[in-house]
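The structure under discussion appears below in the form of structure tokens.
The values are calculated or read from the model by the stated rules, or taken from the named source; none is laboratory data. This is a predicted model, so every value here is computed, not measured. Note that each Cβ is placed from the backbone with ideal geometry, even for glycine, and that neighbours are counted across all protein chains shown. Remember, those area values only see protein heavy atoms, side chains included, never the ligands or the DNA or RNA. Shrake-Rupley method; radii C 1.70, N 1.55, O 1.52, S 1.80 Å.
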Amino acid sequence: MKKILILGAGRSSSSLIEYLLELAVKNNYEVTVADASLDLAQQKTHKHPNSRAIFLDSGDELKTHTEIQRADIVVSMLPAFLHAGIATQCVKLKKSMVTASYVSPEMKALDEDAKKAGIILMNESGLDPGIDHASAMKIIDDIKSQGGNLTVFKSYTGGLIAPESDDNPWGYKFTWAPRNVILAGQGTARYLENGKYAFIPYTKLYTRTEKIHFDTLGDFEGYANRDSLSYRSIYGIENVDTILRGTLRKAGYCEAWNVFVQLGMTDDTYLIPESEKLSIREVVESFLPAGTGEVKNRLAGYLGIPVKGEVMDKLEWLGLFEDTKLNVKNASPALILQTLLEDKWKLKEGDIDMIVMQHQFEYNLKGKTHKLQSSLVVKGDDAIHTAMAKTVGYPVGIITKLILEEKIKLTGVHTPTVREIYEPLLTELERLGVRFVEKEY
């Protein structure tokens, strides 16, 4: 019996666990789900005969070591900063490991040791990073195999609310970690455009957007991610003229979000004294120059936006100018904003989420310029089987299965950018309903 150890039973683990349990009897798997909440681990395993649900504190090195030792493969769905420590134990015990997180410097440093141990440390196996790598590399490799020359590569991904559940002016609800949404984009975006380096500082990021169209959903707006340049080497396209990776939001979102950026309300580097005594209107006012009159009028004048219009409608819907106290002690501006939005952007019962992803390619082949678009739309089923849980969990589960079946024989530190991994991964994802639609445009 092959023993799989899954560390972490959080929201993104649901579809992963179900996928592996569905295979457990046929493939003779034992699936152990370990979490700091035994109740949560038990909920996720549903008393399946081929499952174990156990309590495990990631700080308990002895018990963690024991569980890794009895496993054939380890799946870490823990917070990203814990992966390197787990991977170090996996190398010592010669156990392969799969995660959905980015390759950290500490993880990368384990490459040679993992090769010597004869194991694979598989990273970036979720949605973004993960499915984005696999789907992009499939097309990039196809273009190269035909003798084509890739000149433009753009890729955008968004975790959003499905149209059926979109009932607020922002077209957005929290479908993943709220804190990450508040802090998104901070830093300077770096990319390549027409052979020249391009940079967008955080203060301008949400004013430099691009319209991205989906045939079945309409228009979205994309803004640049912080680092697109490193993907030239990751994807083996060092000579590409344009490369940009970005994030998708519903049209109109970015202009309104830019208000918070310009005010300074996404700053998480300092605390506001006696924040629990302030109303949200008083917090907003504290970022404005001294003056008299209604706060919304002063804000509009300060930022140069119309007092009446879609942006102000979005801000008023949030209650930004009301005397509501959020009662958050020792709060940074970002935490105050997060507290407000967690109430306004929370999922209602019956709401479903949606993942949208689109790659755009331009390449020259036999003297002709081609434009190719590859789009993905995945909707959640319910609050457990979310689009996010499926698109993060399925690829992790599929890659785990492929390693156990020895269909992936690579050793060392890897991501799903090689054909041996992405071909069977994309085939199985398509069977599960995660399918890209390609078209020339």
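Summary of values
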{"quantity": "Binned Cα-Cα distances of segment 165-219, short to long, each 5 Å bin given as a whole percent", "calculated": "4, 13, 14, 20, 23, 15, 8, 2, 0"}
{"quantity": "Full-extension gain in nm, His65 to Asn364, via 0.36 nm per residue minus C-alpha separation", "calculated": "102.4 nm"}
{"quantity": "Segment 199-227 residues near the modelled Thr269 label - backbone nitrogen below 14 Å, point 7 Å along Cα→Cβ", "calculated": "202-203"}
{"quantity": "Fraction of accessible area attributable to carbon and sulfur, segment 152-230 (%, probe 1.4 Å)", "calculated": "49"}
{"quantity": "Heavy-atom SASA rank of Glu61, Glu238 (probe 1.4 Å, accessible area, largest first)", "calculated": "Glu61, Glu238"}
{"quantity": "Cα gyration tensor shape for segment 9-89, rounded if a/c is under 1.5, else prolate or oblate", "calculated": "prolate"}
{"quantity": "Paramagnetic label zone (point 7 Å from Cα along Cα-to-C-beta, Val295; backbone N under 17 Å) in segment 158-180", "calculated": "none"}
{"quantity": "Sorted peptide list for 249-255, 22-28, criterion being average Cβ within 10 angstrom, highest first", "calculated": "249-255, 22-28"}
{"quantity": "Net charge of neighbours whose Cβ lies under 13 Å from the Cβ of Ala256, counting Lys and Arg as +1 and Asp and Glu as -1", "calculated": "-1"}
{"quantity": "Entries in Lys44/Lys409; Lys211/Lys390; Lys94/Lys407; Lys211/Lys344 that, when Cα-Cα distance is taken, lie over 28 Å", "calculated": "Lys44/Lys409"}
{"quantity": "Low-density loop positions, trypsin sites (Lys or Arg not before Pro), segment 27-89 - DSSP coil, at most 14 other Cβ in 10 Å", "calculated": "Lys47"}
{"quantity": "Whole-percent carbon and sulfur share, accessible surface of segment 357-424, 1.4 Å", "calculated": "48"}
{"quantity": "Extended-chain gain in nm, criterion 0.36 nm per residue less alpha-carbon gap, Lys329 and Phe81", "calculated": "86.6 nm"}
{"quantity": "Positive-end extreme of charge dipole, segment 1-148 - chosen from Ser37, Val25, Ser145 (charges on Cβ)", "calculated": "Val25"}
{"quantity": "Percent accessible area from carbon and sulfur atoms, segment 302-348, protein chains only, probe 1.4 Å", "calculated": "47"}
{"quantity": "Ranking by accessible area, most exposed first, for Glu316, Glu310 with a 1.4 Å probe", "calculated": "Glu310, Glu316"}
{"quantity": "Accessible area (Å², per residue) of the chain, counting only protein heavy atoms and a probe of 1.4 Å", "calculated": "45"}
{"quantity": "Positive dipole terminus of the chain, leading residue within Val98, Gly8, Tyr235 (C-beta point charges)", "calculated": "Tyr235"}
{"quantity": "Additional length obtainable on full extension of the chain from Glu22 to Lys211, 0.36 nm per residue less Cα span", "calculated": "64.0 nm"}
{"quantity": "Summed residue charge, Cβ within 13 Å of Ser230's Cβ, Lys/Arg positive, Asp/Glu negative", "calculated": "+2"}
{"quantity": "Cα-based shape type of segment 296-357, given that a ≥ b ≥ c are square roots of the gyration tensor eigenvalues and the cut on a/c is 1.5", "calculated": "oblate"}
{"quantity": "Cβ crowding within 10 Å averaged over residues, with 1-13, 186-198 ranked highest first", "calculated": "1-13, 186-198"}
{"quantity": "FRET efficiency, His385 to Leu183 (Cβ-Cβ, R0 35 Å, nearest 0.05)", "calculated": "0.80"}
{"quantity": "Peptides ranked, highest mean first, by Cβ atoms within 10 Å: ranges 411-420, 228-237", "calculated": "411-420, 228-237"}
